[in-house]
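The values are calculated or read from the model by the stated rules, or taken from the named source; none is laboratory data. From a predicted model like this one, the values you see are computed outputs, not experimental measurements. Positions of Cβ are generated from backbone atoms using ideal geometry, with glycine treated the same way; all protein chains shown enter the neighbour counts.
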Ligand code: ADP
Ligand code: ZN
Ligand code: ZN
């Protein structure tokens with residue numbers, strides 16, 4: 001065949017989930033019509049795989065004889081919109097990650113399958129003529145749920161999901177009503193007006209924030225800085241209302257998958273007839289694909305999700321909200337290492353719509369952008385519910401106080417006082433397990449992981465030593481493996497040990513431990529949340545899981561034990577994170593009509609971080625940190641990229657990075673190139689880990705350097721190594 005033939009047969013570049021930075025050329029067979037953005041099935045190697053048709057081209061570099069044809073088109077959904085394809089290209093380009101892998105990883109798993117997806121029809125239920133004429137009083141009183149459904153439908157049609165919110169037995173009751181002919185199902189009629197349950201009159205500050213965003217035409221990035229309990233959620237709700245009224249879709253990103261069910265429920269209660277879908281990795285594959293398609297159809301007015309939702313197609317997108325924008329969970333730590341917050345900002349800019357970043361403790365990056373005028377700052381300085389005020393923060397100097405199993409007497413008596421008043425306490429400790437390490441008192445042996453440069457954590461419940469880095473576990477030894485002495489002691493504090501200590505001290509108290517171990521099973525966390533709300537727990541012990549976004553009205557005491565590690569950590573973001581965490585966890589105390597108290601046990605009560613915490617003075621604290629960062633030449637004053645590598649052989653790992661470094665130096669571009677150093681955890685799962693940092697004061701210079709460097713890295717033979725480039729890294 002000749003070149004000419006190519007121009008006659010349509011030729012497409014297809015994105016495939018393959019670790020190469022190219023697209024793949026395929027021809028279209030006669031009679032097939034492929035559109036850009038469509039999912040297609042193509043032969044690859046010996047398999048057939050799903051790809052996305054990204055571009056139509058005139059000719060291929062491949063010889064005609066080697067070109068293969070697209071097998072079939074998956075026309076189970078409309079093609080991906082151009083806007084999304086542009087977004088995917090941006091991510092590939094900015095994060096220096098293969099376009100095919102970016103594109104395919106943006107799709108829900110079910111849509112990466114070569115079998116077409118049959119979306120479930122979304123039905124709406126409404127009263128039939130007979131149902132509308134029915135006198136509810138004639139129905140037996142005990143048919144509560146049926147009554148409730150009929151009453152709800154009098155207000156207007158509802159979706160199945162909305163009816164399920166009414167009661168667990170709604171589906172059964174609905175079936176009866178359908179059979180009786182009182183309710184009928186149909187496809188939803190298109191509609192703009194929606195019901196809005198306007199619960200509160202906004203405070204002046206809230207109103208100003210809402211006005212600023214709704215007045216914005218086109219792109220604008222707003223930083224909504226509001227103290228805990230200031231009613232940021234209420235601002236989101238009013239903004240959603242405004243955008244829904246204009247016929248738009250709103251995307252709300254939240255950091256934590258655990259928060260989505262509650263929020264979903266809450267927003268449904270405020271917008272009872274708006275279609276709301278959630279997108280997160282906890283959903284079953286079919287459900288996630290279904291929700292994604294509802295977003296793509298434009299029918300879902302509100303899309304609520306974790307970071308992956310930033311890639312949902314949203315034809316009517318008119319506003320993006322990023323709640324707890326400072327949270328590190330927005331950054332993906334493997335594969336495409338994107339920051340969903342930053343991608344969301346790009347997306348809002350590209351679409352020409354406003355974006356709101358909300359937080360009580362904005363990230364230094366965002367605060368800096370607000371100060372430089374790149375973002376507009378909106379402040380909520382008061383708690384929304386009067387007389388709720390910010391909790392009183394006290395620091396206990398543990399260098400002066402004796403501790404029993406890590407707890408000081410004043411903290412214990414504060415807990416006791418809450419028990420007497422039937423109020424709840426929360427003890428915050430960011431370390432799960434019983435104790436961080438087991439030690440031999442005779443020879444000083446420490447339980448270390450054979451496979452990592454870390455310690456094995458003692459878990460007493462199942463008498464194991466576990467590595468939190470690689471998952472290795474072994475039974476607790478009877479005697480010291482080195483000297484044979486039987487006197488092995490747990491050192492340090494974990495949540496399980498804290499629970500044991502508190503239970504011994506307060507035998508009557510109902511203690512609930514909330515960490516990754518106790519919430520592993522499905523539904524465990526929502527059951528616990530209910531227990532807390534129903535007042536069936538007196539003392540909560542928790543890691544950061546408990547700190548995020550939950551509202552427990554009867555909680556009046558927060559105790560923070562052993563936060564000091566972060567003050568002198570090698571991670572330059574550790575103190576920023578600690579302040580955010582303590583503000584957030586402190587914000588759980590005294591939300592309703594009861595005053596709250598936060599007690600922090602620390603050996604450094606005069607540290608500026610604790611001074612700022614006591615004064616609830618985020619602004620001066622962030623100013624202190626910014627000055628420090630500027631002097632030290634850290635972000636947000638520089639932009640960073642981290643090349644990390646790990647392999648079984650330390651030599652090969654370091655050698656790879658050294659060669660990468662030489663190549664970087666040869667480019668002779670205006671960036672700072674650091675030396676090759678061990679990672680914070682130098683060995684994990686028998687792999688040696690090291691890294692190389694590159695930075696620049698200009699994002700553009702860094703990107704130009706990376707564009708020159710990445711193709712060279714790809715040529716380095718590193719078959720037994722894993723390596724990755726992390727742009728704007730949060731973890732080192
Ligand atoms: P944040 O997200 O800023 O921590 P929330 O949005 O959770 O705060 O609001 C805290 C509490 O204040 C909630 O119980 C909410 O219902 C209530 N609230 C918010 N705005 C108002 C308002 N304008 N008037 C009365 N109560 C409000
Ligand atoms: Zn020993
Ligand atoms: Zn390990």
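Assorted remarks:
- Residue within the stretch 192-200 that is closer than 28 Å to residue 374 by Cβ, in contact (Cβ under 8 Å) with a residue 60 or more places away in the chain and within 16 Å of ligand 1 (Cβ to nearest atom) present: no
- Condition check for residue 550: within 16 Å of ligand 3 (Cβ to nearest atom) and either surrounded by fewer than 20 Cβ atoms within 10 Å (Cβ to Cβ) or in a loop (DSSP other than H, G, I, E, B) (or both): no
- Scope the stretch 180-207; condition in contact with a strand residue (DSSP E or B) (Cβ under 7 Å, 6 or more places away or on another chain) and part of a helix (DSSP H, G or I); matching residues: 205, 206
- Residue match in the stretch 496-506 (condition: more than 16 Å from ligand 1 (Cβ to nearest atom), over 29 Å from residue 579 (Cα atoms) and in contact with a helix residue (DSSP H, G or I) (Cβ under 8 Å, 6 or more places away or on another chain)): yes
- Unmet requirement for residue 86, which otherwise passes all of (1) surrounded by fewer than 18 Cβ atoms within 10 Å (Cβ to Cβ); (2) touching a strand residue (DSSP E or B) at 6+ places or on another chain (Cβ under 6 Å): (2)
- When the residues of the stretch 456-477 are filtered to those that are more than 21 Å from residue 681 (Cβ to Cβ) and part of a loop (DSSP other than H, G, I, E, B), the one that is farthest from ligand 1 (Cβ to nearest atom) is 477.
- Test: residue in the stretch 482-505 that is within 13 Å of ligand 3 (Cβ to nearest atom), over 30 Å from residue 415 (Cα atoms) and surrounded by fewer than 20 Cβ atoms within 10 Å (Cβ to Cβ): no
- Residue 250 being touching a helix residue (DSSP H, G or I) at 6+ places or on another chain (Cβ under 6 Å) and either away from ligand 1 (no atom under 16 Å from the Cβ) or farther than 13 Å from residue 209 by Cα (or both): yes
Table: residues versus (1) touching a strand residue (DSSP E or B) at 6+ places or on another chain (Cβ under 8 Å); (2) more than 24 Å from residue 283 (Cβ to Cβ).
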| position | (1), (2) |
| --- | --- |
| 503 | yes, yes |
| 507 | no, yes |
| 516 | no, no |
| 525 | yes, no |
| 534 | no, yes |
| 542 | yes, yes |
| 545 | yes, no |
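- Any hit, the stretch 252-266, residues being over 27 Å from residue 546 (Cβ atoms) and not in a loop (DSSP other than H, G, I, E, B): no
- The residues of the stretch 333-360 that are out of contact with any strand residue (DSSP E or B) (no Cβ under 8 Å at 6 or more places or on another chain) and not in a helix (DSSP H, G or I), listed by number, are 333, 335, 336, 352.
Residue by residue, here is whether (1) within 17 Å of residue 164 (Cα to Cα); (2) in contact with a helix residue (DSSP H, G or I) (Cβ under 7 Å, 6 or more places away or on another chain) holds:
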residue: 254; (1), (2): no, yes
residue: 258; (1), (2): no, yes
residue: 261; (1), (2): yes, yes
residue: 266; (1), (2): yes, no
residue: 280; (1), (2): no, yes
residue: 296; (1), (2): no, no
residue: 301; (1), (2): no, yes
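Conditions (1) in a loop (DSSP other than H, G, I, E, B); (2) farther than 19 Å from residue 636 by Cβ; (3) away from ligand 1 (no atom under 16 Å from the Cβ); (4) modelled with pLDDT of 95 or more, marked per residue:
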| position | (1), (2), (3), (4) |
| --- | --- |
| 562 | yes, yes, yes, no |
| 566 | no, yes, yes, no |
| 572 | yes, no, yes, no |
| 581 | no, yes, no, no |
| 585 | no, yes, no, no |
| 594 | yes, yes, no, no |
| 600 | no, yes, yes, yes |
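- Against the criterion of being surrounded by 23 or more Cβ atoms within 10 Å (Cβ to Cβ), closer than 18 Å to residue 547 by Cβ, in contact (Cβ under 8 Å) with a residue 60 or more places away in the chain and in contact with a strand residue (DSSP E or B) (Cβ under 7 Å, 6 or more places away or on another chain), residue 366 does not qualify.
- Of 649, 601, 584, all but one fail to be crowded, with 19+ Cβ neighbours inside 10 Å and touching a strand residue (DSSP E or B) at 6+ places or on another chain (Cβ under 8 Å); the exception is 601.
- Criterion violated by residue 318 - all others in (1) touching a strand residue (DSSP E or B) at 6+ places or on another chain (Cβ under 6 Å); (2) in a strand (DSSP E or B); (3) surrounded by 19 or more Cβ atoms within 10 Å (Cβ to Cβ) satisfied: (1)
- Among the residues of the stretch 673-706, those that are more than 27 Å from the chain's Cα centre (by Cα) and exposed (fewer than 15 other Cβ atoms within 10 Å of the Cβ) comprise 674, 675, 677, 686, 697, 698, 700.
- Residue 413 vs. criteria closer than 28 Å to residue 399 by Cα, without any contact (Cβ under 8 Å) to a residue 24 or more places away in the chain and more than 16 Å from ligand 3 (Cβ to nearest atom): yes
- Count of the stretch 225-242 residues which are more than 9 Å from ligand 1 (Cβ to nearest atom) and under 22 Å from residue 581 (Cβ atoms): 1
- Residue 216 being farther than 29 Å from residue 553 by Cβ and in contact with a strand residue (DSSP E or B) (Cβ under 9 Å, 6 or more places away or on another chain): yes
- Any hit, the stretch 157-165, residues being in contact with a strand residue (DSSP E or B) (Cβ under 6 Å, 6 or more places away or on another chain) and either loosely packed, with under 13 Cβ neighbours inside 10 Å or in a helix (DSSP H, G or I) (or both): no
- Counting only residues that are within 16 Å of ligand 3 (Cβ to nearest atom), under 30 Å from the mean Cα position of the chain (by Cα) and under 17 Å from residue 496 (Cβ atoms), the stretch 432-463 holds 9 of them.
- Residue match in the stretch 474-482 (condition: in contact with a strand residue (DSSP E or B) (Cβ under 7 Å, 6 or more places away or on another chain) and away from ligand 2 (no atom under 16 Å from the Cβ)): yes
- Qualifying positions in the stretch 15-36 - closer than 16 Å to residue 102 by Cβ and either in contact with a strand residue (DSSP E or B) (Cβ under 6 Å, 6 or more places away or on another chain) or surrounded by fewer than 18 Cβ atoms within 10 Å (Cβ to Cβ) (or both): 15, 16, 18, 19, 20, 21, 22, 23, 24
- The stretch 624-666, residues that are assigned to a helix (DSSP H, G or I), closer than 30 Å to residue 371 by Cβ and touching a residue at least 12 places away in the same chain (Cβ under 8 Å): 624, 625, 626, 629, 632
- Scanning the stretch 712-726 for residues that are exposed (fewer than 14 other Cβ atoms within 10 Å of the Cβ) and free of Cβ contacts under 8 Å to residues at least 60 places away in the same chain gives 715, 717, 719.
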